[in-house]
Amino acid sequence: MHVQYVCSKCGKLQPVTLRAPKCDCGGLWKLDFQPPAFDLDLVDKTQWNLFRYRAFMPLADDTWKSVTMGEGMTPIIDFDEDLMLKMDYFMPTLSFKDRGAAVLAAHCANIGVKSVVQDSSGNAGNSVAAYFGKIGIDCDIFVPEGTSPGKIDMIRAHGSQVHIVPGSRDHCADVCRAEVTKAGKYYANHVYNPFFYEGTKTYIYEVYEQLGRIPQHIFVPLGNGTLFLGVIFGLEHLLASGIIDKMPQIIAIQSERCAPFAAAKEKGYKEPAQVEVKPTLAEGIAIGKPMRGAEILKKIYAYDIEIVEIPEDWILPARAALAKKGIYCEHTTAGNYAAYQKYCQIHGKTPDSLITMCGAGLKSDH
């Protein structure tokens, strides 16, 4: 299997054994990797985890066997006649980030990484701490002040060092990256490292395998774009494989208090707009400076992706409405349902829709 890093800016190729978090020119890595055409016959149906799709992943060996904790394979349930929920908080660390962390951990173990650094608003930190802890790789996780104490407790429980950084989520990332440069540690970051998206793209493989089709409307939260890009990569693969004949309508979800992509699309910008990040309950997508912004905007324009902004005062009622039906999710996740409701208010009834329940409720009870 031939896999290389390719710089998203200058196109330079590098081996994936490289430890540098980005290219010398400043561009982030993408993967130069062509999976075989998607075929359900290539899915390993003996595996009840996302590595059942490893035929379509750039994995060098069987390290994944020591990594997996049964992540993925999350059910899709009918919420009402128009809306389905993919229960992605049914994961070992109670969030969808386990998809990417499992694949990234397998890659890091394969190339002999001994210690990593990562920044997170909580969920990715939990995932990296759990998966890297399981295989004995030391972790330092940087989180912004105000992160849920429950998430911090989880990270520590998995054996990682937690560094609480005053200020915004974006500032936390800057502090963490400075530490990467200073200490020379591996940056196991869900935004920078393209192996993470090889895990999140399995969201789409599962949807197709479970439903036998792709829904007409797919709503995806958009902060740094971890799930968003995974969804696009998965759909592009199905399209190239002739499994689907057109892209579904993808609706990206932003918070009205932090919507750099919505503002950019409105003005036709090629980079995310500069926005003031105001406090929001949807902390998981409150990213003012998304590092893969230009790449994400290219996809938004290429596939005519709509963007809906979550009204802040709709989040708690949406969370309550979900809980009344037995779905207890965190605030950012409730925002996905609020965004769906907002979209229906604007466009009318929107049948055959899918949203993700990406984080469990106990994670944001603080």
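The values are calculated or read from the model by the stated rules, or taken from the named source; none is laboratory data. Just so it is clear, the structure is predicted and the values come from calculations on it, not from any experiment. Here the Cβ is made from the backbone with ideal geometry for all residues, glycine too, and neighbour counts use every protein chain on show.
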* Check Asn193 against each of (1) touching a Leu at 6+ places or on another chain (Cβ under 8 Å); (2) more than 23 Å from Leu18 (Cβ to Cβ); (3) assigned to a loop (DSSP other than H, G, I, E, B); (4) not hydroxyl-bearing (Ser, Thr, Tyr) and name the one condition it does not meet. => (2)
* Within the range 289-306, considering residues that are among the charged types (D, E, K, R) and under 17 Å from the mean Cα position of the chain (by Cα), the one farthest from Asn193 (Cα to Cα) -> Lys299
* Among residues belonging to the range 144-192 that are out of contact with any helix residue (DSSP H, G or I) (no Cβ under 6 Å at 6 or more places or on another chain) and closer than 30 Å to Ile214 by Cβ, point out the one that is surrounded by the fewest Cβ atoms within 10 Å (Cβ to Cβ). => Tyr192
* In this structure, is Glu283 of a type in the set (Asp, Glu) and either crowded, with 19+ Cβ neighbours inside 10 Å or within 18 Å of the chain's Cα centre (by Cα) (or both)? -> yes
* Structure fact -> The correct count of residues that are surrounded by 20 or more Cβ atoms within 10 Å (Cβ to Cβ) and in a loop (DSSP other than H, G, I, E, B) in the range 41-55 is 1
* From the options Arg156, Arg99, residue that is part of a helix (DSSP H, G or I), farther than 21 Å from Leu50 by Cβ and either in the same structural domain as Arg19 (by TED's automatic domain parsing) or modelled with pLDDT of 95 or more (or both) -> Arg156
* **Tabulated pairs, the range 1-23, first within 19 Å of Val191 (Cβ to Cβ), second among the acidic types (Asp, Glu) and surrounded by 12 or more Cβ atoms within 10 Å (Cβ to Cβ), C-beta under 9 angstrom, 6+ apart or interchain** => Tyr5/Asp32; Val6/Asp32; Ser8/Glu295
* Structure fact -> Of the residues in the range 267-280 that are in contact with a strand residue (DSSP E or B) (Cβ under 9 Å, 6 or more places away or on another chain) and among the charged types (D, E, K, R), the one that is nearest to Tyr301 (Cα to Cα) is Glu276
* **Matching residues in the range 324-340 - criterion: being in contact with a helix residue (DSSP H, G or I) (Cβ under 7 Å, 6 or more places away or on another chain) and small (Gly, Ala, Ser)** => Ala334, Gly335, Ala338
* Looking only at the range 105-125, count how many residues are crowded, with 24+ Cβ neighbours inside 10 Å and at pLDDT 95 or above. => 7
* Structure fact -> Checked the range 344-366 for anything part of a helix (DSSP H, G or I) and buried (at least 22 other Cβ atoms within 10 Å of the Cβ); matches are Lys363, Ser364
* Name the single residue, out of those in the range 56-92 being of a type in the set (A, V, I, L, M) and part of a loop (DSSP other than H, G, I, E, B), that is farthest from the chain's Cα centre (by Cα). => Ala60
* Would a scan of the range 317-332 turn up a residue that is over 20 Å from the mean Cα position of the chain (by Cα), more than 29 Å from Met154 (Cα to Cα), surrounded by fewer than 21 Cβ atoms within 10 Å (Cβ to Cβ) and β-branched (Val, Ile, Thr)? -> no
* Structure fact -> Ala129 fails exactly one of (1) more than 22 Å from Pro290 (Cα to Cα); (2) in contact with an Asp or Glu (Cβ under 6 Å, 6 or more places away or on another chain); (3) crowded, with 24+ Cβ neighbours inside 10 Å, namely (2)
* Look at Ile232 and say whether it is in contact (Cβ under 8 Å) with a residue 40 or more places away in the chain, among the hydrophobic types (A, V, I, L, M, F, W, C) and not in a helix (DSSP H, G or I). => no
* Asked: What are the residue pairs meeting all of these: first residue in the range 350-362, first residue free of Cβ contacts under 8 Å to residues at least 24 places away in the same chain, second residue of a type outside the set (A, V, I, L, M) and surrounded by fewer than 19 Cβ atoms within 10 Å (Cβ to Cβ), Cβ atoms under 7 Å, and 6 or more apart or on different chains?
  -> none
* To do: Mind listing whichever residues of the range 311-343 are at negative phi and either in contact with a Lys or Arg (Cβ under 7 Å, 6 or more places away or on another chain) or without any contact (Cβ under 8 Å) to a residue 12 or more places away in the chain (or both)?
  => Pro311, Glu312, Asp313, Trp314, Ala320, Lys324, Cys329, Glu330, His331, Ala334
* Filter the range 72-104 down to residues that are free of Cβ contacts under 8 Å to residues at least 60 places away in the same chain and among the aliphatic types (A, V, I, L, M) and give me whichever is surrounded by the fewest Cβ atoms within 10 Å (Cβ to Cβ). => Ile77
